[in-house]
Amino acid sequence: MDDDIVVNIDRIPDLLKSLMLPKKGYFLAGYILRNMKPIRQKANKWYVTEEEYNQSTYPQFVSGWFYVTTPKTCSKLYSLSQSTRYFWIDDTYITGILASKLKIRHYDISKNFTVHSEYLDCCVNDVRDKNLDCDILIGPNGGNNNLFYQFNNAMNICNLKLCKTRTKPLNETCVAEKKMNLGRGDAVVEIIDCTKILKKNRVFIFTMLNRQSSTNIVTDNNFEKKNSLNIKLHPCPIAKI
């Protein structure tokens, strides 16, 4: 389990009892990720070189947020890792690359997950304000290191059977502040029409490519100060008006 993940601790035993998992053989149960591609953008946290991994897609794997397996499966994966080239993204390496070589079966329990920490915030608020239960067991903390405590503290009320069953899905009722991590992104040079911006001075532009774009327009006067990324920007022609 990752350290930035929130888990409803008291309900994990019930989850394990409810899973239809084999009593024999090897398995991994978690949030299955399929057809995931290596990220080739250098500025990205998850950048992977061709030398590190030269395939276009990863084998199917389960998220490292939380997954269920057995000691025998762990032992089998560990043994194979001693003779298999290391790959630094651990959940992809262990539950994908190694597991695929061993033909270990994946079981999907994604219905117990959310990928949005805002839903966990809504669960906390719904318990506090409406005594509504929450069927989400696992999700990210969204950068709030106190959310694990806040969520489990709220869910203790429901674990005592003091909450009402939710009549509408959480995604239809949740209203919360959207959290977004823009990351670092890649700097890309683009030429713009200077005549629409300034009559004098050369104008430069660079855009940070990520989930959202952030554009900066830089003139000769402040270029040195803003060019902290040491980008070689190409000037637009001087406007002739």
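The values are calculated or read from the model by the stated rules, or taken from the named source; none is laboratory data. These numbers were taken from a predicted model, which means no experiment stands behind them. Because the Cβ atoms are built from the backbone with ideal geometry, glycine has one as well, and the counts that use them run over all protein chains shown.
Checking region 94-103 against the condition returns no match, with no residue being in contact with a strand residue (DSSP E or B) (Cβ under 7 Å, 6 or more places away or on another chain) and part of a loop (DSSP other than H, G, I, E, B). Please work out if Val6 is farther than 28 Å from Ile136 by Cα, crowded, with 17+ Cβ neighbours inside 10 Å and in contact (Cβ under 8 Å) with a residue 12 or more places away in the chain. Against the criterion (farther than 28 Å from Ile136 by Cα, crowded, with 17+ Cβ neighbours inside 10 Å and in contact (Cβ under 8 Å) with a residue 12 or more places away in the chain), Val6 does not qualify. Against the list (1) modelled with pLDDT under 95; (2) exposed (fewer than 14 other Cβ atoms within 10 Å of the Cβ); (3) touching a helix residue (DSSP H, G or I) at 6+ places or on another chain (Cβ under 9 Å); (4) within 30 Å of Lys24 (Cα to Cα), the condition Gly64 fails is (2).
The residues of region 73-124 that are without any contact (Cβ under 8 Å) to a residue 12 or more places away in the chain and not aromatic (Phe, Trp, Tyr), listed by number, are Cys74, Ser75, Ser79, Gln82, Ser83, Arg85, Lys103, Lys111. Taken over region 11-45, the criterion of being surrounded by fewer than 17 Cβ atoms within 10 Å (Cβ to Cβ), at pLDDT 95 or above and not in a loop (DSSP other than H, G, I, E, B) is satisfied by Ile39 alone. Within region 47-65, residues that are in contact (Cβ under 8 Å) with a residue 60 or more places away in the chain sit with their Cβ atoms under 6 Å from residues that are of a type outside the set (A, V, I, L, M, F, W, C) and not in a loop (DSSP other than H, G, I, E, B), at 6+ positions apart or across chains, in these pairs: Gly64/Asp91. Of all residues in region 100-152, which are on the phi > 0 side of the Ramachandran plot and over 22 Å from the mean Cα position of the chain (by Cα)? Correct list: Lys103, Asn131. Screening Met180 on (1) in a helix (DSSP H, G or I); (2) modelled with pLDDT under 65; (3) not acidic (Asp, Glu) shows it passes everything except condition (1).
The residues on offer are Thr95, Thr84, and the sole one that is closer than 30 Å to Asn171 by Cα and in the same structural domain as Asn54 (by TED's automatic domain parsing) is Thr95.
I'd like to know if region 103-113 contains one or more residues that are in contact with a helix residue (DSSP H, G or I) (Cβ under 7 Å, 6 or more places away or on another chain), more than 19 Å from Val6 (Cβ to Cβ) and surrounded by 14 or more Cβ atoms within 10 Å (Cβ to Cβ).
Yes, region 103-113 has at least one match.
Scanning region 123-148 for residues that are closer than 25 Å to Leu16 by Cα, in a loop (DSSP other than H, G, I, E, B) and of a type outside the set (D, E, K, R) yields Cys134, Ile136, Leu137, Asn141.
Restricting region 46-69 to residues that are part of a strand (DSSP E or B) and hydrophobic (A, V, I, L, M, F, W, C), the residue that is nearest to the chain's Cα centre (by Cα) is Trp65.
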